[in-house]
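Below is one structure, written out as structure tokens, with a few remarks after it.
The values are calculated or read from the model by the stated rules, or taken from the named source; none is laboratory data. All figures in this text were calculated on a predicted structure; none of them were measured in a lab. Cβ placement follows ideal geometry from the backbone for every residue including glycine, while neighbour counts extend to all protein chains displayed.
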Amino acid sequence: MAASTKGAPMIRRIGIPLFLAAAALAQDVSRMDQVVQSYVSNKTFMGSVLVARGGEVLLSKGYGSANLEWNVPNSPATKFRLGSVTKQFTAASILLLEERGKLKTDDLVKKFMPAAPAAWDKITIYHLLTHTSGIPNFTGFPDYHSLEPFAATPEKLVARFRDKPLDFQPGEKWSYSNSGYVLLGSSWRRSAARATKSSCRRTSSARWA
């Protein structure tokens, strides 16, 4: 009993800071939720939010709707289209292939796509990487929104813009182009030789871990 009595003040001294830390953390999480809710209320955000510190998840919550027509709410498990998040991985994969001697960023696109139109004769991998190819951005075409909901193979995507005239000569200007990264993906598949695919994945995972 004596040992228990002597230890009680120490337990209280430890317990109070832990309680205060937990209370402050709860306030932080509440504040985070309030900030996100303000954007939801303004109709400027719908999605899922994950906030973690170290190995502890502080906030994991869905906001707004995943599907307005069917009134399906977002949740932490909602799957979203990745969009341009994939560009950084495409670019890194191209540079890994250059490091392995499989291609060079100054290689012409026609090296990997011999049947490409004559307008692409001077376009290089570098131009595609840096949005300076002059190839028109297919997501800016008038019919894009009617086609966007439907899945399309890379070949079908390329067909949408391959016969369009260039917006400018390669290297002359900068203009964001999703078309360029579709072609980079195609070039990667053609030059990566299936054997290097798993090697790129392993190396990329190790570098970004």
* Structure fact -> Going through (1) touching a helix residue (DSSP H, G or I) at 6+ places or on another chain (Cβ under 7 Å); (2) buried (at least 16 other Cβ atoms within 10 Å of the Cβ); (3) modelled with pLDDT of 80 or more one by one, Gly171 fails only at (2)
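Take Thr153 and tell me if it is polar (S, T, N, Q) and within 22 Å of Gln88 (Cβ to Cβ). Don't jump to the end; show me each part of the working.
Values: polar (S, T, N, Q): yes; within 22 Å of Gln88 (Cβ to Cβ): no.
No; evaluated as a whole, the condition is false for this residue.
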* Asked: Would a scan of segment 133-140 turn up a residue that is at pLDDT 95 or above, outside the structural domain of Ser48 (by TED's automatic domain parsing), in contact with a Ser or Thr (Cβ under 6 Å, 6 or more places away or on another chain) and among the aliphatic types (A, V, I, L, M)?
  -> yes
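Out of the residues in segment 102-154 meeting the condition of being outside any helix (DSSP H, G or I) and among the β-branched types (Val, Ile, Thr), tell me which one is nearest to Gly171 (Cα to Cα).
Going through segment 102-154, the residues outside any helix (DSSP H, G or I) turn out to be 102-108, 112-117, 121-124, 130-137, 141-143, 148-153.
Filter once more, so that each one left must be among the β-branched types (Val, Ile, Thr): 105, 123-124, 130, 132, 135, 153.
On the way: Thr105: 13, Ile123: 8, Thr124: 9, Thr130: 9, Thr132: 5, Ile135: 11, Thr153: 28 Å.
Applying the filter and picking the extreme gives Thr132.
Taking strands (runs of 3 or more DSSP E) that do not extend beyond segment 1-81, which have at least 1 residues that are modelled with pLDDT of 95 or more, hydrophobic (A, V, I, L, M, F, W, C) and in the same structural domain as Pro149 (by TED's automatic domain parsing)? Give the derivation first.
Values: elements: 47-53, 56-63, 65-67.
No strands (runs of 3 or more DSSP E) qualify here.
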* Only residues that are more than 21 Å from the chain's Cα centre (by Cα) and hydrophobic (A, V, I, L, M, F, W, C): list them for segment 60-73, please. => Leu68, Trp70, Val72
* Please work out which residue is surrounded by the most Cβ atoms within 10 Å (Cβ to Cβ), limiting yourself to segment 42-97 and to residues that are charged (D, E, K, R) and within 25 Å of Arg31 (Cβ to Cβ). => Lys61
